[in-house]
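FYI, it's all coordinate maths here, none of it is from the lab. In this text, all values refer to a predicted model and were calculated from it rather than measured experimentally. Don't worry about glycine lacking a Cβ; one is built from the backbone with ideal geometry, like all the others, and counts go over all protein chains shown.
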Amino acid sequence: MMAIRELKVCLLGDTGVGKSSIVCRFVQDHFDHNINVTVGAAFMTKTVPYGNELHKFLIWDTAGQERFHSLAPMYYRGSAAAVIVYDITKQDSFHILKKWVKELKERGPENIVMAIVGNKCDLSDIREVPMKDAKEYAESIGAIVVETSAKNAINIEELFQAISQQIPPLETHENGNSGTIKLRKQTAQATRRCC
C-alpha cells in the first residue's frame, strides 16, 4: 500500500495572472475563458502518484486583489510549497511576484518550496517578461521556475511534478520510535521551460 502525503500548496500573485486557471487545469483538466475572480480563497485537491508515495495536493488559490492581501498568511502558513504566479505579458505582475517572495522569506514557513510561474506562455508574441529574467531571479532565491499555459495545458502537470521532486522524502527515525517522522532537506533545483 502506498503512503499518502498531504502537501498544502498556496498560489499567490497579482489578480488576473491565471492562478485559478492553473488550478482548474491541474485538478479538472479544464479551462474556462470566463472564470470568476477569486474572492478570499478557493480550495481544491488532487492526488497524484510520486515514487512510492501518493502526494495529495491541498491547493489554496488566493485572491490577487490588494484588499485580500492581509488574508494570505492564513493560507501560506504551514504550506509545503508556494506557487507564485505572474503573467508573462505584464511586467507589473512580475514586480508584484517579487513582493510575495520577500513576504514569504520574512514570514512564511522556513523550508517552503517556492515555484516561480510565468503563466500565459501561449501569448509569447506580446511577452513583457523575458524567461531569462525569471530564470535568473528564481536561481537567486533557490526556486523552481516554469512557464505555463493554463489555456493550452502546457507545463501544468510538470509544475506539480517539480514541486513533488523538491519535497524532502519521509524517513523514519532510527531510534526505534517508528511513529516519528523526520524530514530531510533537499537542495536540488528544477528548471522547466515552455514553448
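Among all the lysines, which ones have a C-alpha under 27 Å from residue 132's C-alpha, if same-chain residues fewer than 8 places away are not counted?
19, 90, 98, 99, 102, 105, 120, 151
Would you mind calculating the gained length between residue 65 and residue 165 on full extension (0.36 nm times residue separation, minus the Cα-Cα distance), in nm to one decimal?
Full extension of this stretch gives 32.9 nm more.
Quick one: the Cα spread of the range 25-80 along its three principal axes, in angstroms, biggest first?
Between the extreme Cα coordinates on each principal axis of the range 25-80 lie 42, 31, 11 Å.
What does the charge add up to near residue 83, with Lys and Arg as +1, Asp and Glu as -1, over the other residues with Cβ less than 11 Å from its Cβ?
Spelling it out: positives minus negatives among the neighbours equals 0.
Output the relative contact order of the range 107-174, whole-number percent, from Cα pairs under 8 angstrom with separation of 6+ residues.
Worked out over the range 107-174, it gives 37 percent.
When Lys and Arg each count +1 and Asp and Glu each count -1, what net charge do the other residues less than 13 Å away from residue 48, Cβ to Cβ, add up to?
Its environment carries a net charge of -2.
Calculated FRET efficiency, residue 35 and residue 99, Cβ-Cβ r, R0 35 Å, to nearest 0.05?
That gives a FRET efficiency of 0.90.
What base-10 log of the normalised intensity I(q)/I(0) is obtained for the range 73-155 from the Debye formula, alpha carbons as equal point scatterers, at q = 0.14, 0.20, 0.27 Å⁻¹?
For the requested q values the scattering log ratios are -0.45, -0.87, -1.33.
Using Cα centres only, tell me the gap between the range 113-166 and the range 57-77 in whole Å.
20
For the range 1-144, what log10 I(q)/I(0) values come out of the Debye formula at q = 0.10, 0.14, 0.15, 0.19 1/Å, with one point per alpha carbon and no solvent?
-0.33, -0.66, -0.76, -1.20
Please find the FRET efficiency linking residue 27 to residue 3, where r is the Cβ-Cβ separation and R0 is fixed at 30 Å, and quote it to the nearest 0.05. Don't skip to the end; give the middle numbers.
On the way: r = 21 Å, r/R0 = 0.72.
Computed FRET efficiency for residue 27 and residue 3: 0.90.
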